[in-house]
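Taking it in order: structure first as structure tokens, then the write-up.
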Amino acid sequence: MGIGAMTRGAGALVSLALSAGTIAHPAAACPTAEQGFRRLASPEAEIAYRWAPPALKAGQFFTAEVVTCRTRWGEAVHDIKIDAAMPAHGHGMNYRPSAVAIAPGHYRFTGLMLHMPGTWRITIDLLQGGRHTRLTHEVDLSP
Amino acid sequence: MKQRVLPSAVAALMLAGAAVLAAGPEQAVTFSADERAAILAHGPWPPPRHPDPSNRVSGNRDAISLGRRLFFDTRLSLDGRQSCATCHDPATAFADGKPRGIGRALVDRNAIALANLGLNRWFGWAGAADSLWAQSIHPIVDVKELGLTAEQLRDRLAAAPAIAAAYTHLFQAAVAHDAAERVLVNAAKALAAFQETIVTGRTPFDDFRDALERSDTRSMAHYPRPAQRGLAIFVGKGNCTACHFGPNFTSGEFEDVGVPHFAEQGRVDAGRHGGIAALRASPFNLLSPYSDNADKAAGVPTRHVEQQHRNWGEFRVPSLRNVARTAPYMHNGSLATLQDVVRHYSELNEERLHGHAGRRLLRPLRLTPQEAADLVAFLETLSGEISFGP
Ligand SMILES: [Cu+2]
């Protein structure tokens with residue numbers, strides 16, 4: 001089972017019903033490292049994210065905050081989805097995270113848990129219009 | 001884009017490189033930095049204990065006394081012959097030593113040894129309950145176990161003056177006039193308060209782990225060599241820590257290790273798949289009004305758990321603390337000894353690992369007789385004294 005096939009079942013796809021004014025913010029509005037955020041960028045998009053608690057541990061629930069800093073054509077993001085899987089084992093999470101928009105372009109995900117030590121690939125999907133941008137981040141969890 | 005997440009103490013040890021244990025050059029057991037990290041993560045023990053936010057009498061002394069009384073009381077069974085202790089006997093580590101529990105009838109699964117329950121996220125082999133009190137309701141009303149109705153329970157408790165008085169004192173209600181379902185929940189919450197006190201003490205492994213953390217080679221040498229070698233297999237090529245990790249030697253989640261799961265001829269035990277269905281259907285789950293956790297933060301796992309096809313035949317990864325005292329093994333008690341369990345992992349029938357995940361995670365270890373004996377020797381060092389209150 002590929003990552004694509006897995007995420008279809010296990011992701012948190014939320015229709016956030018953002019207002020028309022919710023245009024992605026320019027990079028300048030991006031939260032900084034001092035606020036505990038890290039950046040993730042691709043040619044199409046850039047986000048800032050942080051976890052709580054900040055150090056991920058195998059078997060422990062955490063929440064994620066994601067801020068969209070730059071998006072393709074500056075278009076609004078109307079859906080955002082986070083998921084995680086262990087590519088070497090071919091399984092995803094046991095939980096389906098949920099999201100709330102806490103400010104324009106700023107989301108909080110609850111219900112994330114990586115249940116095994118090893119390498120996890122966390123994927124964040126931004127949906128804008130008909131387009132779909134994926135950012136990925138790998139994390140190695142010790143037991 | 002890779003991030004290594006390691007506790008800083010462990011990172012410091014990694015800088016020091018792999019450690020060589022004890023003297024005796026011909027048999028020195030060595031651990032890689034990752035193995036050392038995995039070993040240290042099996043402690044410290046005991047872990048901090050917190051009251052259960054979903055149970056307002058958790059940690060309450062009077063609730064613990066009432067719960068203890070109820071746990072051993074045969075009034076809780078229809079024919080007055082069984083109690084919780086029938087299947088969870090303190091003399092056999094709060095299990096029963098039988099492959100499958102026998103109450104009013106034979107049940108499908110092995111009675112789980114009760115200990116360190118405050119560390120559980122899920123209860124039962126399939127995680128059908130999300131709290132200790134919700135799990136404690138099930139055997140009271142299950143026709144195969146104690147077989148009472150909520151009304152019968154209320155009437156019996158009301159007819160026992162000392163219990164009725166303790167109930168009124170704790171829950172500010174007269175048991176005879178309380179709603180039957182409420183009495184069932186409250187009795188289960190008192191039972192939970194008692195069961196939370198059942199804990200296992202320090203083990204030879206814990207002393208070794210702490211000595212390793214201090215790099216105290218002299219103390220480390222007290223830990224028997226076969227156990228050291230077995231530990232190296234456990235955290236090394238055995239890959240046991242993929243599932244049995246942390247202070248309680250479990251992820252607390254569900255996996256399929258290829259144990260056949262026929263409850264009887266022609267009837268399958270659905271494992272976690274059925275557990276999630278039961279959890280969602282339960283009027284007593286952590287999202288219900290019976291939870292005392294007002295903001296329902298304790299219900300995060302229940303709210304987010306996702307039922308997936310691979311959950312068929314998955315069972316909870318059991319803790320390995322005190323495992324040498326809790327034979328027989330596996331959800332159906334199908335393996336009699338630790339030797340049998342190690343042989344199971346050594347010879348693993350890959351045909352039975354229907355889940356893709358299991359197939360990639362587990363492969364037959366093909367241990368030599370010496371390695372198998374060492375792994376058992378290690379598992380035997382996980383026993384500590386059981387204590388319970390009040
Ligand atoms: Cu995995």
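Some observations on this one:
- Dipole of chain B, positive end: most advanced residue of B:ALA227, B:PHE31, B:GLN339 [Cβ charges, Cα centre]: B:PHE31
- Using a cutoff of 8 angstrom between alpha carbon atoms and counting only pairs six or more residues apart, the relative contact order for chain B works out to 23 percent.
- Qualifying trypsin sites (Lys or Arg not before Pro) for region A:96-143 [loop in DSSP, other Cβ within 10 Å: at most 13]: none
- With each label modelled as a point 7 angstrom along the Cα→C-beta vector, the A:ARG50-B:THR74 pair spans 6.1 nm.
- When you filter the trypsin sites (Lys or Arg not before Pro) in region B:213-319 for DSSP loop state and at most 14 other Cβ atoms inside 10 Å of their Cβ, you are left with B:ARG214, B:LYS237.
- Here the spin labels are modelled as points 7 Å beyond Cα on the Cα-Cβ line, and at B:ARG280 and B:SER334 they lie 2.7 nm apart.
- Chains B and A together bury some 2800 Å² of accessible area, summed over both sides, with a 1.4 Å probe.
- Within the shell of other residues whose beta carbon sits under 11 angstrom from the beta carbon of B:ARG154, the net charge comes to -2, with Lys and Arg scored +1 and Asp and Glu -1.
- When the alpha carbon coordinates of chain B are projected onto the principal axes, the ranges are 72, 47, 46 Å, largest first.
- B:LEU338 sits among other residues whose Cβ lies under 13 Å from its own Cβ, and their net charge, with Lys and Arg +1 and Asp and Glu -1, is -1.
- Charge sum, other residues only, whose C-beta stays under 15 Å from B:LYS237's C-beta, Lys/Arg counted +1 and Asp/Glu -1: -1
- With at most 15 other Cβ atoms within 10 Å, longest stretch of chain B clear of loop GluC sites (Glu not before Pro) (DSSP): B:27-384
- Helix B:180-195 and the long axis of chain B differ in direction by around 30°, with both axes built from C-alpha atoms.
- Reduction of at least 40 Å² in accessible surface, 1.4 Å probe, comparing all protein chains with the chain by itself, residues of region A:114-143: A:HIS115, A:MET116, A:GLU138, A:ASP140, A:SER142, A:PRO143
- Eligible lysines near B:LYS296 by straight Cα distance, threshold 24 Å, same-chain separation 8 or greater: A:LYS57, A:LYS81, B:LYS189
- Here's the list of aspartates and glutamates a cross-link from B:LYS144 could span, going by alpha-carbon distance under 19 Å and ignoring same-chain residues fewer than 8 apart: B:ASP73, B:ASP79, B:ASP89, B:ASP96, B:ASP108, B:GLU264, B:ASP269.
- Over chain B, DSSP H runs of length four or greater, each weighted -39,500 (n - 2.57), average out per residue to a 222 nm ellipticity of -10500 deg cm²/dmol.
- Within the accessible surface of the protein assembly as shown, defined with a 1.4 Å probe on protein heavy atoms only, the carbon and sulfur portion equals 56 percent.
- Loop trypsin sites (Lys or Arg not before Pro), region B:109-201, which have at most 14 other Cβ atoms in a 10 Å radius of their Cβ (DSSP): B:LYS144
- Nearest-ten-degree value, helix B:225-235 long axis tilted from longest Cα axis of chain B: 70
- Placing a label point 7 Å from the Cα of B:ARG360 along the Cα-to-Cβ direction, the residues of region A:68-104 whose backbone N falls under 12 Å of that point are A:85-93.
- In region B:221-246, the residues that give up 40 Å² or more of accessible area when the other protein chains are added, compared with the chain on its own (1.4 Å probe), are B:PHE245.
The values are calculated or read from the model by the stated rules, or taken from the named source; none is laboratory data. Note that this is a predicted model, so its numbers are computed, not measured. No Cβ is skipped: glycine too gets one built from the backbone with ideal geometry, and neighbour counts run over all protein chains shown. Each accessible area value is taken on the protein alone, full model and side chains, heavy atoms only, with ligands, DNA and RNA left out. Shrake-Rupley method; radii C 1.70, N 1.55, O 1.52, S 1.80 Å.
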